[in-house]
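Shown next, in structure tokens, is the structure this report addresses.
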Amino acid sequence: MRFDIVTIFPGFFESVFAQGIVRRAQAEGLVEIRLHDLREFTHDRHRTVDDRPFGGGEGMVLKPEPLAEALEALGIQRKQGNREQGTENRKQESEIGQRENAGLSTPSATADFAQDDKEKRGTRVILLSAQGRVFTQAVARELAALDRLVLICGRYEGVDERINELYCDMELSIGDYVLSGGEPAAAVVVDATMRLIPGVLGNEASGEFESFGAADAEIDVDVEGVPRSQHGAGGLLDYPHYTRPAEFGGLRAPEVLMNGDHAGIRRWRREQQLKKTLKNRPELLEGAALSAEDRRMLEALRDKGK
């Protein structure tokens, strides 16, 4: 999978993408990350990428011309038609929401992906913005099935909206807060998405049995003859984890985790998933995949908390 990141601060990513799983995925050819300095697509001596907003107000806005030139150098052309066509194209964004090394380019860089191949090859252009749909694990799974993501890092007060209308397939936000720029958000999207690509994680089950993971019915990673000691999250938070030593700081790891009873461990872990979700993210329970047994445990937890 290929990630193209358009930014005014390409240096931000140098250490971020040179560590851990992201570095290994690039070294093994599973992921390719390319950084594109927006200032390379300007034509004045000050390399200007921003200007004052029409209508007044605080801050500056990223100009459309450098962004358009950068995107077209990457083979991303303007959407066909007018604003109505832009609205039609955003239906793909709605569907995703519902289903919930690095080098610098120059204006003369050859585009590896032609626009007429965009849908066939699975390319999406994403504007990272506080105004966007919230990025979730479900969205990460959808994006991981694509061939290429082009991520535009917003800055200042934002990006000229015409770039969004003419070139972007969706806007994404990583949470209900405001950052100084889209670079941290781009790093989050890359990391969360690429770890779901087959082969990136050393153990494929690692991407299944974790917070916001798939439900049991969607998981097929059991080892023959070995009982599974955990449930798929099914939209819940993960359960607590413990390792050696068995006792630390006057606290002992739960005995159930050390007695070898896989069924008992599995039940304890599920109860803890429900307990932690009820305490920290109760809104997730509404959309979680819960069995009748889960609901009984949840009711008992609620009664205990009264």
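The values are calculated or read from the model by the stated rules, or taken from the named source; none is laboratory data. Here the structure is a predicted model, which means the values were calculated and not measured. Here Cβ is always computed from backbone atoms with ideal geometry, including for glycine, and neighbour counts include all displayed protein chains.
What the table shows:
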read-out	value
Selection from segment 275-293 of residues that are within 28 Å of the chain's Cα centre (by Cα), farther than 16 Å from HIS241 by Cβ and assigned to a helix (DSSP H, G or I)	LEU278, LYS279, PRO282, GLU283, LEU284, LEU285, GLU286, GLY287
Qualifying residue in segment 148-160 (condition: at pLDDT 95 or above and farther than 15 Å from VAL6 by Cβ)	no
Test: ARG252 is in contact with a His (Cβ under 7 Å, 6 or more places away or on another chain), assigned by TED's automatic domain parsing to the domain that holds ALA300 and either surrounded by fewer than 19 Cβ atoms within 10 Å (Cβ to Cβ) or at pLDDT below 95 (or both)	no
Single residue of segment 170-204 satisfying the filter (of a type outside the set (A, V, I, L, M) and buried (at least 21 other Cβ atoms within 10 Å of the Cβ)) that is farthest from ALA130 (Cα to Cα)	THR193
Residue list for segment 144-157, filter: outside any loop (DSSP other than H, G, I, E, B) and buried (at least 19 other Cβ atoms within 10 Å of the Cβ)	ARG148, LEU149, VAL150, LEU151, ILE152, CYS153, ARG155
Hits in segment 255-267 - residues which are loosely packed, with under 14 Cβ neighbours inside 10 Å, more than 35 Å from the chain's Cα centre (by Cα) and not polar (S, T, N, Q)	GLU255, GLY260
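Results for (1) of a type in the set (Gly, Ala, Ser); (2) in a loop (DSSP other than H, G, I, E, B); (3) assigned by TED's automatic domain parsing to the domain that holds ALA185, shown as yes or no for each residue.
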position: GLY11; (1), (2), (3): yes, no, yes
position: GLU14; (1), (2), (3): no, no, yes
position: ARG24; (1), (2), (3): no, no, yes
position: ILE33; (1), (2), (3): no, no, yes
position: HIS43; (1), (2), (3): no, yes, yes
position: THR48; (1), (2), (3): no, yes, yes
position: GLY56; (1), (2), (3): yes, yes, yes
